[in-house]
Amino acid sequence: MAKEPVRVLVTGAAGQIGYALVPMIARGVMLGPDQPVILHMLDIPPAAEALNGVKMELVDAAFPLLKGVVATTDAVEACTGVNVAVMVGGFPRKEGMERKDVMSINVSIYKSQASALEKHAAANCKVLVVANPANTNALILKEFAPSIPEKNITCLTRLDHNRALGQISERLSIQVSDIKNVIIWGNHSSSQYPDVNHATVKTPAGEKPVRELVKDDTWLNAEFIKTVQQRGAAIIKARKLSSALSAASSACDHIRDWVLGTPEGTWVSMGVYSDGSYNVPAGLIYSFPVTCQNGEWKIVQGLSIDEFSRKKLDLTADELSEEKALAYSCLS
């Protein structure tokens with residue numbers, strides 16, 4: 001029997017990431033090759049014409065799984081009945097702007113979108129925040145959508161996770177699919193900590209630790225971390241535009257694993273509401289290693305954290321605590 005369509009909201013849908021993301025969703029990359037979808041696309045009034053152009057292209061592409069498109073500048077219409085919300089829209093930091101200015105604008109955007117989701121989304125709506133500062137935008141959204149369970153509000157660090165996999169794959173000249181269990185800890189910012197201490201590679205002789213195969217701790221503890229942390233900036237420098245394609249692909253990976261589950265013995269990185277695990281302050285949206293089953297994520301427990309890693313985990317937590325304080329000061 002055919003499945004009921006799932007309603008997926010993409011905010012900022014006429015932008016670069018939105019334009020890369022909506023065809024992936026319509027093709028089944030996010031929710032599976034047999035899951036029909038109805039796309040809800042939201043953007044700001046000045047982008048209404050461009051948004052309509054994206055809708056026309058979706059119609060023209062004749063995706064078999066796409067059962068309807070809602071393209072609107074009205075948050076209530078966009079949020080009504082949605083099962084999955086991918087929050088791509090946000091205000092980017094522009095030259096000469098202070099962090100507080102950007103935070104203040106994003107706080108007001110996420111406050112209004114949170115209340116629309118709160119009142120009009122489906123009961124068990126899953127939310128993924130992509131727009132930066134992603135962790136803190138997700139926290140604001142959680143604050144103003146109290147009836148959405150905190151476990152249903154997440155932010156995207158899968159892009160950083162995938163970047164880490166990509167760097168190891170290039171370094172060892174192996175397939176990305178043979179590497180598992182890298183971790184991104186903390187903030188989706190340059191303070192994040194890409195950790196390979198628990199990562200393994202599938203080899204003909206069985207699974208081997210990444211560290212053992214790379215045989216270069218200096219590279220792993222310095223250049224590798226910096227490359228992953230700064231990858232977004234490097235792409236902007238090269239493209240003169242931000243990383244839209246990889247962000248869209250990672251958003252699909254994040255939701256797909258969350259909804260359909262992670263493979264046995266494999267974890268992924270998700271920005272989730274901290275419960276105090278690994279001595280990370282509770283009440284932050286922080287990236288942890290998680291496994292997913294039956295539409296629920298669970299933080300992987302009991303991993304050993306060495307002294308080098310501990311400092312990195314604390315550093316990125318400190319930055320998130322500062323961001324949280326800054327965001328809350330914009331509310332008063």
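The values are calculated or read from the model by the stated rules, or taken from the named source; none is laboratory data. These numbers were taken from a predicted model, which means no experiment stands behind them. Ideal geometry is used to build each Cβ from the backbone, glycine not excepted, and the neighbour counts take in all protein chains shown. SASA here: full protein model, heavy atoms, side chains in, ligands and nucleic acids out. Shrake-Rupley method; radii C 1.70, N 1.55, O 1.52, S 1.80 Å.
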Looking only at Asp257, Asp275, Asp43, which one moves most when the chain is put into a Gaussian network model with springs between Cα atoms under 10 Å?
Asp275
Two-site label geometry, Met56 and Ile305: point separation in nm, points 7 Å out along Cα→Cβ:
5.3 nm
What value, in deg cm²/dmol to 500, does the helix sum -39500 (n - 2.57) over DSSP H runs of n ≥ 4 give at 222 nm once divided by the residues of the chain?
-13500 deg cm²/dmol
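Where does each of 84-93, 133-142 land if you order them by average Cβ count within 10 Å, highest first? If you can, show how the numbers build up before the last one.
Working: 84-93: 23.2, 133-142: 26.3.
The packing order, highest mean first, is 133-142, 84-93.
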What label, among (1) 19.0, 55; (2) 22.1, 75; (3) 19.4, 59, belongs to Rg and Dmax of the Cα atoms in Å computed from the structure on display?
(3)
Net charge within 12 Å of Ser304 by Cβ-Cβ distance, Lys/Arg positive one each and Asp/Glu negative one each, not counting Ser304 itself?
-2
Among Met41, Met24, Met56, which one moves the most in a GNM of the chain with springs linking Cα atoms closer than 10 Å?
Met56
Relative to the longest principal Cα axis of the chain, at what angle does helix 16-27 sit, 0 to 90 degrees, rounded to 10?
80 degrees
Would you work out the charge dipole size for the chain about its Cα centre, treating the Cβ of every Lys and Arg as +1 and the Cβ of every Asp and Glu as -1, and quote it to the nearest 20 debye?
320 debye
Residues of type aspartates and glutamates that Lys119 reaches as a straight line, Cα spacing below 13 Å, ignoring anything fewer than 8 places off in the same chain
Glu77
So what are the stretch 153-198's ellipsoid semi-axes, whole angstrom, largest first, if each one is the square root of 5 times an eigenvalue of the alpha-carbon gyration tensor?
20, 10, 9
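If one computes P(r) from the Cα atoms of the stretch 151-268, what percent of pairs lie at distances over 23 Å? Show your work: numbers first, answer last.
Values: 2059 of 6903 pairs.
So the portion of pairs separated by more than 23 Å is 30 percent.
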Going through the cross-link list Lys151/Lys202; Lys67/Lys180; Lys100/Lys240; Lys142/Lys237; Lys126/Lys237; Lys208/Lys240, which pairs have a Cα-Cα distance over 29 Å in this structure?
Lys151/Lys202; Lys67/Lys180; Lys142/Lys237; Lys126/Lys237; Lys208/Lys240
Among Gln229, Ser243, Val201, whose Cα projects farthest towards the positive end of the dipole of the stretch 184-276, with charges put on the beta-carbon of Lys, Arg (+1) and Asp, Glu (-1)?
Ser243
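Leaving ligands, DNA and RNA out of it, report the carbon-plus-sulfur percent of the accessible area of the chain at a 1.4 Å probe.
Working: 8000 of 14980 Å².
That share works out to 53 percent.
Cα-based Rg of the stretch 211-332 per 2.2 N^0.38 Å, rounded to two decimals? Working shown, then result.
Numbers: Rg = 16.7 Å, N = 122, 2.2 N^0.38 = 13.7 Å.
My calculation over the Cα atoms of the stretch 211-332 gives 1.22.
Please give the peptides 295-307, 7-19 ranked by average Cβ packing (other Cβ atoms within 10 Å per residue), highest first, as a rough proxy for protection.
Numbers: 295-307: 12.8, 7-19: 24.6.
Most protected by this proxy first, the peptides run 7-19, 295-307.
Using a probe radius of 1.4 Å on heavy atoms only, what accessible surface per residue do you get for the chain? Whole Å² is fine. Show your work: numbers first, answer last.
Numbers: 14980 Å² over 332 residues.
I get 45 Å² per residue for the chain.
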